[in-house]
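Reviewing the structure listed below.
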Amino acid sequence: MNIKESVIKSDHAMKITGEAVYVADHPTDGMLFGRLLRSSKARARVLDVRLPALPDGYLYADKNDVPGANKVKIVLDDTPVFADGTVEFIGDPIGLLMGPDEDTVNRLLERIEVEYEGLPPVLSIEDSDTVFFDYTYAKGNTDKAFAEADHIFEEEFRTGLQEHAYLETNGLIARPDGGRITVHGSLQCPYYVQGAVANAMGFEPDRVQIKYDTTGGAFGGKEDYPSILAAQAAVAAYKAGKPVRVIFGRREDMEFTSKRHPSKCGYKAAVKDGRVTAMDIDVKYNAGAYTTLSKVVLQRGIICACGVYNIQNLAVRGRAYKTNTVPNGAFRGFGGPQPFFAVEMMMSHIARNLGVEPLAFKERHVAAQGDVTSTGGRFHFPVPILLMIEQVAKACNFREKREAYKNQTGTRRKGIGMSLCYHGAGFTGAGERDLIKAVAKLRKYPDNKVEVLTANTDMGQGLNTTFAKIVANELKIPMHDIIIANPDTDRVPDSGPTVASRSIMVVGELLRRAAVRLREQWADGGEQLVEERFKEPGYVIPFDLEKFQGDAYPTYSWAVNAVELEADTLTGTVKVLGAYGSFDVGTPIDRNIVTGQMEGGTMQGIGFASMERMAVDGSGKIRGNSLSDYIIPTSLDIPNLQCMLYEEEYPEGPYGAKGAGELPAVGAAGAYIEAIEQALGDVRVNHIPFTAEDAIEILHKEPSL
Ligand code: MTE
Ligand code: MOS
């Protein structure tokens, strides 16, 4: 078998036939339906909660019912399981109402009266006076570079909320079971959920079992959120002594669960002799009401703030601000897409200020193998960006079109743009080595079938198939002899969360090594267990989080995106004509799966730049809470999507594979906006999403049109 050759996905049949069991498919006999009582105020003290008379079998749980800590263990533990005295955003859970009939629960919920003492909410970064996290780091001597500069350019870029819009909303079932509690449902990270439930219940982790049900997409939106919901459902089920099921409707999911952080990124650049010699960068993220994952999202964001470029002198500051809005969390790219949009536009605008073609200008600055990274680490492996630019440029005639689309007249005008990005593969910094310490196992049964035992989840990215391929390939047995059951913390070791595009690269490699050992020891008809543990590759310069120094990542995945579009200058509407990308994720373990990942992620990246607009009104309420208001691109919106692979093998990954899943969502926004700028007549855009209304606004300001 050639590991790259595509096979039928192992979950294909069960998803096509409907056999796959999602959380909502479990029989509900004897189960209570739970609904969260949520704050209707963005910031308030809760003075009183008055319940209607509850019929037999209906129960309400709140902070007083939490047997352990009323804190959800995420990175820090400031998120309460249920509000304790104050509410910090519209939707902040105050309690949970449950009962045997769903409609009755819904009716009763509406009759609960909450008395608040309202406080003025803080809704924007500008108005916030609470900084959750504040990091700085530097490289070289920026003061000197600015003092010696020929030109200094300054600009600020903004990005908006982005909703994951996974097909399946958040949902979990909690079941009390003797002295234990079991929670199962839609989630990414079983061991994160276990830690959170144990903390809220005051249980040792071995009294908490977390099981994964087939999950209909997550995109980071089920990285931290299930920890919160699981703690709430577990507390409720424990109080009721019965299983409790909480599954959100689309509106509830869109309004009250995590999203991509809105950002404001300020860039100041020094240019000398046609080169950017220094950047002073100020990254600000709107974290929402609680810290959840903002700490780590911000870390990744500031590390990549100078893009794929070798900038000799850097001063970077990053802050995450508290606001009274829904806590923002992980979303494919994990803090990367915001600064990558900003730095790509910054480089493009500097080039235009200097009268040079943006692509040529960017090419001059691209980092090379051996160069020092933003944090004083090294690009240890080849940086194939320049070659990938040629691959994309050829596929879409980039340079010719860029030239041809200058000085257009007429109503419909075309534009083409290109952007460059990377994604640091795996956890940021020393997380993998110090915190996760991943363990993966293979169990061989007497019938010679082999079971993969990891905590990693297949949420659509094809992990069960790629894991099975790796193990089958190494053991030289057919794929159907590999068993991968849904992860269950009672059965699988903690191989870490399914995040940071780490699963194939890190856990896949542990499985490959385990398979090599199993093959060597193979005893026909016997039962055998092999285990592998993560070891950091020897070449890595240890990362120091205090100083932001060292290798933030063991390696990088690279991407070049181009977008061609046509704008109607009368209506402001934009039609994408084609989207092209070259992606280096190392060896693709299954070309179809990887290409599918690249296509889906590119669409999310273009949606982020264009039509995906979610606003917060003056009271702190999210507008655009349905998929008819919040529009995401479909295949009709992005025709001619061509995703190509460029394979730069990573020696520490299985067969040369490195992080794949997030990369395609990181960089496309810059290409889209560069194309918009050209189509609208060399305008400057510094915010996304950029909608038809924004186009009209710009066009009306341009006297030439
Ligand atoms: N693809 C699908 N179909 N569904 C998803 O939820 N999540 C993305 C990406 N691709 C996602 C997806 C995110 S956020 C991550 S971190 C990676 O998959 C995880 O991939 P891994 O298995 O390489 O760790
Ligand atoms: Mo992905 S945003 O790391 O779950």
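Name the one entry in 135, 166 that is more than 30 Å from residue 270 (Cβ to Cβ) and buried (at least 19 other Cβ atoms within 10 Å of the Cβ).
On the way: 135 fails: more than 30 Å from residue 270 (Cβ to Cβ).
Being more than 30 Å from residue 270 (Cβ to Cβ) and buried (at least 19 other Cβ atoms within 10 Å of the Cβ) holds for just one of 135, 166, which is 166.
Residues in segment 474-481: is at least one touching a Leu at 6+ places or on another chain (Cβ under 6 Å), in the same structural domain as residue 526 (by TED's automatic domain parsing) and more than 30 Å from residue 165 (Cβ to Cβ)? Steps first, answer last, please.
Restricting attention to segment 474-481, the residues satisfying the condition of being touching a Leu at 6+ places or on another chain (Cβ under 6 Å) are none.
No.
Among the residues of segment 331-340, at least one is touching a residue at least 12 places away in the same chain (Cβ under 8 Å) and more than 16 Å from ligand 1 (Cβ to nearest atom). In summary, residue 650 fulfils each of the numbered conditions (1) surrounded by 22 or more Cβ atoms within 10 Å (Cβ to Cβ); (2) more than 25 Å from residue 593 (Cα to Cα) with the single exception of condition (2).
Do any helices (runs of 4 or more DSSP H) entirely within segment 334-426 hold 2 or more residues that are in contact with a His (Cβ under 8 Å, 6 or more places away or on another chain), and if so, which?
Result: 337-354.
Okay, residues lined up against (1) within 16 Å of ligand 2 (Cβ to nearest atom); (2) assigned to a loop (DSSP other than H, G, I, E, B); (3) surrounded by fewer than 24 Cβ atoms within 10 Å (Cβ to Cβ):
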residue	(1), (2), (3)
443	no, no, yes
458	yes, yes, yes
461	yes, yes, no
494	no, yes, yes
498	yes, yes, no
507	yes, no, no
518	no, no, yes
523	no, yes, yes
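Please find, among 504, 541, the residue that is under 28 Å from the mean Cα position of the chain (by Cα) and closer than 30 Å to residue 603 by Cβ. Answer to the selection: 504.
Within segment 193-221, track down each residue that is within 30 Å of residue 13 (Cα to Cα) and surrounded by fewer than 24 Cβ atoms within 10 Å (Cβ to Cβ). Listed by number, the residues that qualify are 209, 211, 213, 214, 216, 217. The residue that is nearest to ligand 1 (Cβ to nearest atom), among those in segment 473-511 that are among the charged types (D, E, K, R) and closer than 16 Å to residue 211 by Cβ, is 494. Please verify whether residue 409 is away from ligand 2 (no atom under 16 Å from the Cβ) and at pLDDT 95 or above, treating the condition exactly as stated. Against the criterion (away from ligand 2 (no atom under 16 Å from the Cβ) and at pLDDT 95 or above), residue 409 does not qualify. Among what's in segment 60-93 and is in contact with a Lys or Arg (Cβ under 8 Å, 6 or more places away or on another chain) and assigned to a strand (DSSP E or B), pick the residue that is farthest from residue 288 (Cα to Cα). Filtering first and then ranking leaves 61.
When segment 315-333 is filtered for residues that are closer than 9 Å to residue 294 by Cα and not in a strand (DSSP E or B), the ones remaining, listed by number, are 327, 328, 329, 330.
Tell me which residues, restricted to segment 94-117, are among the charged types (D, E, K, R) and part of a loop (DSSP other than H, G, I, E, B).
As a first pass, look at segment 94-117 and keep what is among the charged types (D, E, K, R): 101-103, 107, 110-111, 113, 115, 117.
Correct list: 101, 111.
The values are calculated or read from the model by the stated rules, or taken from the named source; none is laboratory data. No experiment lies behind these values; they were computed from the predicted model shown. We place every Cβ from the backbone using ideal geometry, glycine too, and count neighbours over all the protein chains shown.
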